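Read through the structure below, which is laid out as C-alpha cells, and then see the notes.
The values are calculated or read from the model by the stated rules, or taken from the named source; none is laboratory data. Values in this document were obtained by computation on a predicted structure and should not be read as measured data. Glycine also receives a Cβ, built like all others from the backbone with ideal geometry; neighbour counts cover every protein chain displayed.
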C-alpha cells in the first residue's frame, strides 16, 4: 500500500559547493567571537566536565537552490532554551541563532552538522552551579550521518532509558551517559545500535533517534514519555499524517517495516531488531525521499522550515 504523503515535484539537482571557500583552519564561535577551533581550551575545573551541566543541540544545514539553509532552527533553539532554563542558565535564542549562521558562513559549509553547546565553566567543585561562568559555543562540521546511513540492526538494551520523572527528555549533556552505556552494550553483542524499552514492554527510542513502525501500509510513531520529543519525528508526523501512540515490543516484531529518525540519522531504515529481520522498506524509502526534498527546499509547502544562511 502506498503511503499517503504530501505530493511534491521531483527534486532538482543540489547545488555544487565548489564555489564555497572554507578557511584553512576550522572556526568555532565562542562567547561572542570566532576563533580557530583548535585554539580553544576548557579549564580542568569546568563544571560541565565533572557533572554534565550543559545543554546542546544537533542541527543540520543543507545545500539548497538558494544557498545554504538550516532546517527548523527556531525549534532547535526553543528546545535548547528549555534545557538551559532547567539548569538555571541564561540562554538567548537570538544570539545563538546568529552564532550558528556566523559559524556556517565562516567555515563555508552548506551541508553541515551544527553543534551549539551551552555549559557551566570553571569554579569550585560541588553540585551548585551558582557562581560558575556560563559559556556558549557553536561548531560546524561536514555532514555526519548517525547510524551510518545504512539499514541498522538494533539490539534491545539491558539498560532503561532515563525516566522522565527523574531526568527530563531534553538534550542535557549528562543524560547521554545513559545512551553511551546502552550503545556499548548492544555493539558488544554485534548490533549497530541500541533500542530502549521500558519494564512494561513498551518501545521508548534508540540512543539518539526516535522510532516509527509500518504495518499494512499504516505508519505509527512510537510515543513514550521518556523519549526525546524529536524535531525530525515531528516533521515526519506532519509529512505522513502518522498516528502517534505507545507501541509494544510485540508490535515492533510484528511490523512490516521499522525505521529510526533524527537530525543526524534523518530517516534510517532498520534491518532488524534482535533476531527479527525485516524485508524491503518501500514506505520508509518513500518517506526518506520526501524528507530529503523538504530539507533541501524542494517542497513548496515546507520552505518555512528553512532559515537561510
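Yes/no matrix, rows are residues, columns are (1) in a helix (DSSP H, G or I); (2) without any contact (Cβ under 8 Å) to a residue 40 or more places away in the chain; (3) under 17 Å from the mean Cα position of the chain (by Cα):
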site	(1), (2), (3)
109	no, no, no
114	no, no, yes
126	no, yes, no
137	no, no, no
169	no, no, yes
177	yes, no, yes
190	no, yes, no
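Of all the numbered requirements in (1) crowded, with 16+ Cβ neighbours inside 10 Å; (2) at pLDDT 95 or above; (3) more than 16 Å from the chain's Cα centre (by Cα), residue 151 misses one, and that requirement is (2). Would you confirm whether any residue within segment 1-8 is at pLDDT 90 or above and surrounded by 17 or more Cβ atoms within 10 Å (Cβ to Cβ)? There is no residue in segment 1-8 that is at pLDDT 90 or above and surrounded by 17 or more Cβ atoms within 10 Å (Cβ to Cβ). Residue 75 satisfies every condition listed in (1) within 28 Å of residue 301 (Cβ to Cβ); (2) in contact with a helix residue (DSSP H, G or I) (Cβ under 8 Å, 6 or more places away or on another chain); (3) at pLDDT below 90 except (3). Selection of first residues in segment 17-46 that are closer than 19 Å to residue 98 by Cβ and of second residues that are in a loop (DSSP other than H, G, I, E, B) and modelled with pLDDT of 90 or more, restricted to Cβ pairs under 6 Å at least 6 apart or on distinct chains, gives the following pairs, ordered by first then second residue: 37/26.
Do the conditions hold for residue 196, that is, is it outside any strand (DSSP E or B) and modelled with pLDDT of 95 or more? No.
Going through (1) within 30 Å of residue 165 (Cα to Cα); (2) out of contact with any strand residue (DSSP E or B) (no Cβ under 7 Å at 6 or more places or on another chain); (3) surrounded by fewer than 21 Cβ atoms within 10 Å (Cβ to Cβ) one by one, residue 231 falls short only on (3).
With respect to the conditions (1) surrounded by 22 or more Cβ atoms within 10 Å (Cβ to Cβ); (2) in a helix (DSSP H, G or I); (3) under 16 Å from the mean Cα position of the chain (by Cα); (4) touching a residue at least 40 places away in the same chain (Cβ under 8 Å), residue 252 lacks only one, and its number is (3). Checking each residue in segment 51-94 for being without any contact (Cβ under 8 Å) to a residue 60 or more places away in the chain and loosely packed, with under 15 Cβ neighbours inside 10 Å picks out 78, 85, 88, 90, 92, 94. Residues of segment 146-167 include at least one that is in contact with a helix residue (DSSP H, G or I) (Cβ under 7 Å, 6 or more places away or on another chain) and either over 30 Å from residue 271 (Cα atoms) or part of a helix (DSSP H, G or I) (or both).
Taking segment 167-181 as the range and being in contact with a strand residue (DSSP E or B) (Cβ under 7 Å, 6 or more places away or on another chain) and either farther than 25 Å from residue 242 by Cβ or at pLDDT below 95 (or both) as the test, the residues that pass are 172, 173.
Looking only at segment 265-302, residues that are outside any helix (DSSP H, G or I), touching a residue at least 60 places away in the same chain (Cβ under 8 Å) and buried (at least 19 other Cβ atoms within 10 Å of the Cβ) come to 11 in all.
Of the numbered criteria (1) modelled with pLDDT under 95; (2) out of contact with any helix residue (DSSP H, G or I) (no Cβ under 8 Å at 6 or more places or on another chain), the one residue 83 fails is (1). Tallying residues that are more than 11 Å from residue 55 (Cβ to Cβ) and in a helix (DSSP H, G or I) within segment 83-95 yields 3.
Search segment 199-214 for residues being within 24 Å of residue 56 (Cβ to Cβ) and assigned to a strand (DSSP E or B), and hand back the single one that is nearest to the chain's Cα centre (by Cα). Within segment 199-214, the match that is nearest to the chain's Cα centre (by Cα) is 210.
Among the residues making up segment 70-97, those that are touching a strand residue (DSSP E or B) at 6+ places or on another chain (Cβ under 9 Å) and more than 29 Å from residue 128 (Cβ to Cβ) are 70, 71, 72, 73, 74, 97.
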